[in-house]
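Visitor: Below you will find the structure I want to go over with you.
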């Protein structure tokens, strides 16, 4: 086998949530601060965790954020937006099934908080039990692009990082995966292939359906 474990990011890998989170965050900024934040403002902070996702835009607009309160409100708006809109990305069930059939260990490692993880999984009808380990951003002090979340995921799987494949859609996540010593697959749901390659992707595919050959013997 090429890999013994697969570590999935969530947003932009399992579900098409990045645009919806930017929409929710923009609505929070308008509601709390009267700031006309746009989806473009949030792009540099995709994959870094919601604290930085909101904090970076707050710095740009000169807003003094109330981090816990504002993040909670952004998540609240997000969970109101996703019913009927959040979609499972192509190939997710098939990739998970193929990895299971080959005896691979699977982890989900997201910079988001658990409330968002649970909301996403419920909306796309993907059981948490699909994974051997689930790690959220609240469990590591340093967020992506630091490697901490992927090192913790590999540790919980009992698989050395060098034998793990990290699946990411954002440059920050790919940099984190490379720093952890993992090999990396970039999914072009949020950024173009060249951007992901520069960030450290060993392979780049449009979705997990196209990435199934990576699991071949």
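The values are calculated or read from the model by the stated rules, or taken from the named source; none is laboratory data. Predicted model only: the values in this text are computed from it and were never measured. All Cβ positions, even for glycine, are placed from backbone atoms using ideal geometry, and neighbour counts span all protein chains on display.
Visitor: In the range 34-48, what residues are more than 20 Å from the chain's Cα centre (by Cα) and buried (at least 16 other Cβ atoms within 10 Å of the Cβ)?
Guide: 35, 37 - these are the residues of the range 34-48 that are more than 20 Å from the chain's Cα centre (by Cα) and buried (at least 16 other Cβ atoms within 10 Å of the Cβ).
Visitor: Also: Which one is modelled with the lowest pLDDT among residues in the range 170-188 that are buried (at least 23 other Cβ atoms within 10 Å of the Cβ) and not in a helix (DSSP H, G or I)?
Guide: Looking at the filtered set, the residue picked out is 170.
Visitor: Now, a different point. Looking at (1) surrounded by fewer than 19 Cβ atoms within 10 Å (Cβ to Cβ); (2) in contact (Cβ under 8 Å) with a residue 24 or more places away in the chain, which one does residue 199 not meet, given that it meets all the others?
Guide: Evaluating residue 199 over (1) surrounded by fewer than 19 Cβ atoms within 10 Å (Cβ to Cβ); (2) in contact (Cβ under 8 Å) with a residue 24 or more places away in the chain leaves (1) as the failure.
Visitor: Determine whether residue 68 is assigned by TED's automatic domain parsing to the domain that holds residue 123 and either touching a strand residue (DSSP E or B) at 6+ places or on another chain (Cβ under 8 Å) or closer than 23 Å to residue 117 by Cα (or both).
Guide: no
Visitor: Okay, next question. In the range 71-85, which residue that is in a helix (DSSP H, G or I) and touching a helix residue (DSSP H, G or I) at 6+ places or on another chain (Cβ under 6 Å) is surrounded by the fewest Cβ atoms within 10 Å (Cβ to Cβ)?
Guide: That would be 81.
Visitor: In addition: Of all the residues that make up the range 124-147, how many are in a helix (DSSP H, G or I) and buried (at least 19 other Cβ atoms within 10 Å of the Cβ)?
Guide: Of the residues in the range 124-147, 2 are in a helix (DSSP H, G or I) and buried (at least 19 other Cβ atoms within 10 Å of the Cβ).
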